[in-house]
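Structure first, then comments.
Just so it is clear, none of the values below were taken in a lab; they were calculated from the coordinates. Here the structure is a predicted model, which is why all the values come from computation and not from measurement. Backbone-built Cβ (ideal geometry, glycine too); neighbour counts: all protein chains shown.
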Amino acid sequence: MLLDEILLANSFFVHEYRDRLKKLSHQPKKQVAIFTCMDTRLVEFLEPALGIKRGDAKIIKNAGNRIRDNCDDVIRSLAAAVYLLGVKEILVIGHLDCGMSRVNKDVLAERMLRYGIPKEEIGKVDLAGWIGGFSDTEENIFDAVRKIRQHQLIPKNIPVHGLLFSPDDGKIKVVVNGYE
Ligand SMILES: [Zn+2]
């Protein structure tokens, strides 16, 4: 069972690190918040590729680093990071080969049915809009940067950068330079 495996790993971890862990502040040392995708290839890979260590950054993730509307919960997290946790810059990081760039709403509907979700519930939702798939990864990064910058509760003097990350070799391309 996965939970047993995780609990076992945890007891080893706690034992192994018990005298070596420093107590860290909850304020990010680099004063940065990163909004990125939940992609598994980014785990233990994106942060070292950016020179980010434990205690350095606030990291917010969702499927496809997508902000759908003005009330999106990502904005709430970014506001908390800025106003309560000392964040002074924001990085939006999309990545090549994102699973959310291939979302097919018919496949999604079909799988929901297979999992026992009633057809009438599925019919009530604009599935494509709700799941938030996209076709152009760079445009999706621009879109998130734009929504953060234009949000009425995010201050205008916080630079918001947009980056495109390769999950294969860790290389970054700057899509939006937030200082310009
Ligand atoms: Zn992704």
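For the residue pairs Lys23/Lys147; Lys61/Lys105; Lys53/Lys105; Lys124/Lys173, the alpha carbons lie more than 28 Å apart in Lys23/Lys147; Lys53/Lys105; Lys124/Lys173.
Highest mobility in the GNM of the chain, judged by mean-square fluctuation with C-alpha springs under 10 Å and restricted to Leu127, Leu85, Leu42, is found for Leu127.
The protection proxy used here, the mean number of other Cβ atoms lying within 10 Å of each residue, ranks peptides 28-38, 70-80 as follows, highest first: 28-38, 70-80.
What would the Debye formula give as log10 I(q)/I(0) at q = 0.33, 0.34 Å⁻¹ for the alpha-carbon point model of the range 1-41, no solvent? Log10 of I(q)/I(0), two decimals: -1.00, -1.03.
Taking one equal scatterer on every alpha-carbon of the chain, how large is log10 of I(q)/I(0) by Debye at q = 0.08, 0.09, 0.16, 0.20 1/Å? Listed by q, the Debye log ratios stand at -0.32, -0.41, -1.06, -1.30.
Span-like helix criteria (full DSSP H runs; alpha carbon extent of at least 30 Å along the helix axis; mean Kyte-Doolittle hydropathy of at least -1.0) are satisfied in the chain by no helix. Hey, what number do you get for the chain at 222 nm if only DSSP H runs of n ≥ 4 count, each worth -39500 (n - 2.57), divided across all residues, to the nearest 500? Dividing the helical sum by the residues of the chain leaves -11000 deg cm²/dmol. Residues whose amide H lies under 5 Å from that of Ile34, counting only those 5 or more places away or on a different chain, are Lys58, Ile59, Ile60, Leu91; hydrogens are built 1.01 Å from N in the peptide plane. Peptides 5-16, 160-171 ranked from most to least packed, by the mean per-residue count of other Cβ atoms within 10 Å: 160-171, 5-16.
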